[in-house]
Amino acid sequence: MTAKYEVHGSVAVITMDNPPVNGLGYSTRLGITDGLQKANADAAVKSIVLTGGGKAFSGGADIKEFGSPKALAEPNLLSVILALENSSKPVVAAVHSVCMGGGLELSLGCHYRIAAPGCSVALPEVKLGLIPGAGGTQRLPRAIGVEPALNMIVSGEAVKSELLAQIPGQKLFDKMAASAESLAEEALAYAQAVSDTRPLPLVRNLPCKHPNGDAYFQFARNMVKGMAKNFPAPGKCVDAVESATKKKFDEGMAFEREIFTALMFTPESRALRHIFVAERAASKIPDVPEETPKRDIQSVAVIGAGTMGGGIAMNFLNAGIPVKMLEMKQEALDKGLGIIRKNYEAQVKKGKLKQDKYEQRMSLLSTTLNYDDLKDADMVIEAVFEEMGVKEKVFKELDRVMKPGAILASNTSTLDVDQIAAFTKRPQDVVGMHFFSPANVMKLLEVIRGEKTAKDVLATVMAVSKKIKKTAVVSGVCDGFIGNRMIEQYGRQGGFLLDEGCTPAQVDKAMEKFGMAMGPFRMGDLAGNDIGWAIRKRRYQEKPNMKYSKTADLLCEKGRFGQKTGAGWYDYIPGKRDAIPNAEVVKMIEDHRAALGITPRKISDEEIVQRLVYALVNEAAHILEEGIASKASDIDMVYLMGYGFPIYRGGPMNYADQIGLFNVVQSMQRFAQNPLDDAAFWQPAPLLAKLAAEGKTFN
Ligand code: NAI
C-alpha cells in the first residue's frame with residue numbers, strides 16, 4: 001500500500017506515498033481506505049488528516065495505470081471519496097504543492113480542507129479530452145461557485161490556492177495555512193478543533209445555483225465552440241457543470257459518469273492520452289538508462305549565423321545559456337545579429353518580452369570570426385551550408401580547437417552524420433541536432449544518433465533539449481531522418497494526384513479539412529520548392545527507377561520557388577501569407593497531364609487524405625522496422641510537433657491504429673492497382689503487413 005498511517009495524539013494522519021506526485025493508483029487508494037477503517041475503529045482517534053508526502057498532495061490519476069483494468073479496480077476513486085464522506089470522524093484534507101484532477105476531487109470528498117499557499121489547484125482532465133470523472137464537475141461549482149468552477153474545468157489550467165481562497169463565500173478552503181512548512185502542524189490543530197463538530201459538512205450538500213443560468217451556459221457554450229472546434233470535451237464540461245445547477249447531486253454524478261465514459265472512447269481523447277504518454281516516452285532511449293551521467297553544458301557555440309544558426313542561438317539565450325556565434329565574414333555576423341535583434345524587438349513590441357529581459361538575453365550573445373575563441377564552449381552546433389565539403393572544413397576546425405569532452409553537433413538536414421563524425425578524431429562526441437525552421441519557434445528537435453555517438457552525449461543532448469523547451473525525438477542515421485524521409489513519400493503522392501486530376505488547392509483543402517496545419521503545396525511554398533527539387537535531382541541519379549511526377553520540376557523551372565520568390569504553387573502578395581491560386585500553374589498542370597495522355601478523373605477528398613497519410617504510415621513502418629525510430633509514438637511526436645499533424649488525430653501511427661491496420665493495408669493494395677501510382681511503394685512494409693495480419697497496432 002502506498003499510503004502511511006500514523007496516530008498523533010487523537011488525530012490519525014493518512015499520508016499518500018506514491019512518488020513523484022502521489023498518483024491515485026490502486027495501492028494508494030487501498031492505503032487511504034485502509035487508513036480510514038483503522039481510524040474509525042480506533043476509539044482513541046477523534047479526527048483524521050489526509051495529506052500527501054513529498055512534492056504533492058496528489059496529481060490525480062496514476063498515469064502508470066492509464067487504460068489498465070487496475071484503474072477501475074475497487075476501491076476506485078469514487079468509492080474512496082464515498083468512504084471519506086461516510087467517515088464518522090471528521091476528515092481534514094491538508095493540501096499543498098500540487099492538488100490536481102483526482103487529487104482535487106479526493107479533497108472535495110473530505111469534510112474540511114486546509115491549504116498551503118502556493119498550491120497549484122486544477123482539474124486538467126479536459127487536456128486529455130475528458131471531463132473530471134469523480135465528482136469534480138458537481139462538487140467544485142458547489143465549493144467555489146459556478147463561473148470560477150466552469151472556467152477551471154474548461155481550461156484545465158491551474159489556479160493558486162491563495163487566489164481561490166479570495167473568492168467571496170468560497171467553501172473550498174476552510175483555512176489557509178501560514179506556510180507550506182507549518183501546514184502539517186496547523187492541519188493537526190484544525191483536526192483537533194473540529195473533532196466534535198456534528199453534523200459533518202459535505203460539499204455535496206452545498207447549494208449550486210446560477211442567477212442567470214440559461215444565458216450564462218449559452219454564452220459559455222458559444223465561447224467553447226469557437227475555441228475548441230475539433231474537441232468534444234470542452235462542450236461536455238459545460239453540460240456537466242450546468243447539470244450541477246439543475247439536477248440533484250446524485251443525478252448530476254450519474255450524468256458526469258455517463259459523459260466521462262463516453263469521452264474515454266472518443267478518438268480525440270484517445271489521441272490526447274496517447275500524446276501525453278508519447279511525449280514522456282520520447283525522452284527515454286531504450287539502451288540509454290535514465291541515470292546515465294550527463295555532461296555539463298554551461299555555454300554553447302553556434303557556427304553559421306544564417307536562417308537556422310540565429311534561431312538556434314535564440315533558444316539558448318532564452319534559456320539563459322551564453323552563446324558564441326562564428327561566421328567567416330563580419331558582414332554575415334552583423335546580418336545574423338540584426339535578425340536576432342529584430343526578432344526580439346518584435347516580441348518586445350508585442351508585449352511578449354520585457355525590455356530588460358531582451359537586453360539580458362542579448363548580453364549573453366557574443367560573436368567571433370576565429371575558431372580559437374570557441375575552445376571553452378561545452379557544446380557547439382554547426383549550421384553552415386548544406387555541403388559535405390563545407391561541413392568537413394568546419395568539423396576539422398572544431399576537432400582542432402574544442403576542449404576534450406565538448407559535444408560537437410550538426411544541424412544538417414540531409415547529410416550523413418557518421419561521415420561528418422569521421423572528419424574528427426572524436427566521433428563519439430558527434431551527434432546531429434536537427435532543428436526545424438523557424439528554429440526559435442518550432443518545438444521539434446530530431447536528435448540524430450550516429451553509429452559511434454556516446455550514450456552520455458545522447459543523454460546530455462536530451463537533457464539540453466528539455467532546457468531549451470524542445471520536444472526531442474531520437475532518430476538513427478538515414479536520408480531525411482524520420483520526418484523528411486516520410487514527407488518525401490507524402491510529396492510524391494501529392495505529385496501523382498496532380499497528374500491524375502487534382503489542383504494544388506483541392507489537395508491542400510482536403511488535407512486542411514483533415515486537420516493538417518497546411519496542405520502539401522502550401523507547405524512546399526513555405527519551405528521553398530527548390531529544396532525538394534534539389535533532393536529529386538539527387539534521387540534521379542541514385543534511384544533512376546523511382547517514379548516521380550515531373551510537375552514540381554516544371555514549376556521550379558519557372559523559378560516559382562514559393563513565398564520567398566513571391567510565387568510558387570500559388571501567388572503571394574508581399575508581406576502577406578495568403579495563398580492565391582494561379583491560373584497559369586493550373587494550366588501548366590493540365591498541359592503536362594495532356595502531354596502524358598492522362599484523362600483527368602474526379603478524385604475524392606477521402607482518396608486524397610488516404611493516399612497522403614498512408615504514404616507517411618508505410619514509410620514510417622519501414623523506419624520503425626529498420627530501427628531508425630525506436631518506437632511508433634516517437635514518429636507521432638515528430639509529425640505532431642514538426643509537421644502540423646492534427647493533435648486530435650494523435651499522429652500518423654495513432655491514426656492508422658485507430659483506422660485499423662488491416663483497413664490501411666487493404667487501401668494500400670487498392671492504390672497499388674492504380675497504373676499512375678507507384679505500385680512498388682504501396683507494397684505494405686513487412687512490419688505493417690505483419691501487424692495487420694495479427695490484428696495488432698503500432699502503439
Ligand atoms: P543559411 O544559408 O541561411 O545559413 C548558413 C550560414 O552559414 C551563412 O550565414 C553562411 O555565411 C555561414 N557559413 C557558411 N560556411 C561557413 C563556414 N565554413 N564557417 C562559418 N560559417 C559559414 O542556411 P540555413 O538554412 O541556416 O541552413 C544551415 C544548415 O541547417 C544546413 O545544414 C541546413 O541543411 C540545415 N537546416 C536548414 C533548415 C531550413 O529550413 N533552412 C531546417 C533544418 C536544417
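Filtering segment 345-380 to residues that are open to solvent by less than 50 Å² (accessible area, probe 1.4 Å) and among the aliphatic types (A, V, I, L, M) leaves Ala346, Val348, Leu353, Met362, Leu364, Leu365, Leu374, Ala377, Met379, Val380.
Need pairs with beta-carbon distance below 6 Å; first residue open to solvent by less than 70 Å² (accessible area, probe 1.4 Å) and within segment 289-315, second within 16 Å of the ligand (Cβ to nearest atom) and acidic (Asp, Glu); sequence gap 6+ or separate chains. Close Cβ pairs (under 6 Å, with a partner that is within 16 Å of the ligand (Cβ to nearest atom) and acidic (Asp, Glu)) amount to Ile303/Glu382; Ala305/Glu327. For segment 344-354, the condition holds for no residue, the condition being that it is within 12 Å of the ligand (Cβ to nearest atom), at pLDDT 95 or above and part of a helix (DSSP H, G or I). Under the condition of being within 10 Å of the ligand (Cβ to nearest atom) and either on the phi > 0 side of the Ramachandran plot or out of contact with any Pro (no Cβ under 8 Å at 6 or more places or on another chain) (or both), the residues counted in segment 308-338 number 14.
Restricted to segment 76-132, and to residues there that are more than 20 Å from Ile153 (Cα to Cα) and polar (S, T, N, Q), the residue that is nearest to the chain's Cα centre (by Cα) is Asn76. Quick one: would you say Lys38 is in a helix (DSSP H, G or I), at pLDDT below 95, surrounded by fewer than 20 Cβ atoms within 10 Å (Cβ to Cβ) and of a type outside the set (Phe, Trp, Tyr)? Against the criterion (in a helix (DSSP H, G or I), at pLDDT below 95, surrounded by fewer than 20 Cβ atoms within 10 Å (Cβ to Cβ) and of a type outside the set (Phe, Trp, Tyr)), Lys38 does not qualify.
Among the candidates Glu290, Glu327, the residue that is at pLDDT below 95 and either touching a helix residue (DSSP H, G or I) at 6+ places or on another chain (Cβ under 8 Å) or not assigned by TED's automatic domain parsing to the domain that holds Ala409 (or both) is uniquely Glu290. Determine whether Val348 is closer than 22 Å to Glu397 by Cβ and of a type outside the set (Phe, Trp, Tyr). Against the criterion (closer than 22 Å to Glu397 by Cβ and of a type outside the set (Phe, Trp, Tyr)), Val348 does not qualify. Quick check: is even one residue across segment 157-166 within 36 Å of the chain's Cα centre (by Cα) and surrounded by 19 or more Cβ atoms within 10 Å (Cβ to Cβ)? Yes: segment 157-166 contains one or more residues that are within 36 Å of the chain's Cα centre (by Cα) and surrounded by 19 or more Cβ atoms within 10 Å (Cβ to Cβ). Given the condition buried (at least 23 other Cβ atoms within 10 Å of the Cβ), among the β-branched types (Val, Ile, Thr) and in contact (Cβ under 8 Å) with a residue 40 or more places away in the chain, answer yes or no: does some residue in segment 453-460 qualify? There is at least one residue in segment 453-460 that is buried (at least 23 other Cβ atoms within 10 Å of the Cβ), among the β-branched types (Val, Ile, Thr) and in contact (Cβ under 8 Å) with a residue 40 or more places away in the chain. A single member of Val91, Val80, Val126, Val95 is of a type in the set (Val, Ile, Thr) and open to solvent by 10 Å² or more (accessible area, probe 1.4 Å), and it is Val126.
For residues in segment 506-534 being open to solvent by less than 30 Å² (accessible area, probe 1.4 Å) and farther than 19 Å from Gly651 by Cα, which is nearest to the ligand (Cβ to nearest atom)? First the steps, then the outcome.
First, pick out the residues of segment 506-534 that are open to solvent by less than 30 Å² (accessible area, probe 1.4 Å): 507-508, 510-511, 514-516, 519-521, 524-525, 528-529, 532.
Pick out the ones that are also farther than 19 Å from Gly651 by Cα and you get 507, 521, 524-525, 528-529, 532.
Working: Val507: 22, Phe521: 17, Gly524: 12, Asp525: 13, Gly528: 8, Asn529: 13, Gly532: 12 Å.
Among those residues, the one meeting the criterion is Gly528.
Does any residue of segment 381-401 turn out to be surrounded by 15 or more Cβ atoms within 10 Å (Cβ to Cβ) and farther than 30 Å from Arg538 by Cβ? Yes: one or more hits.
The values are calculated or read from the model by the stated rules, or taken from the named source; none is laboratory data. No experiment lies behind these values; they were computed from the predicted model shown. Here the Cβ is made from the backbone with ideal geometry for all residues, glycine too, and neighbour counts use every protein chain on show. The accessibility values were calculated without ligands, DNA or RNA, using every heavy atom of the protein model including side chains. Shrake-Rupley method; radii C 1.70, N 1.55, O 1.52, S 1.80 Å.
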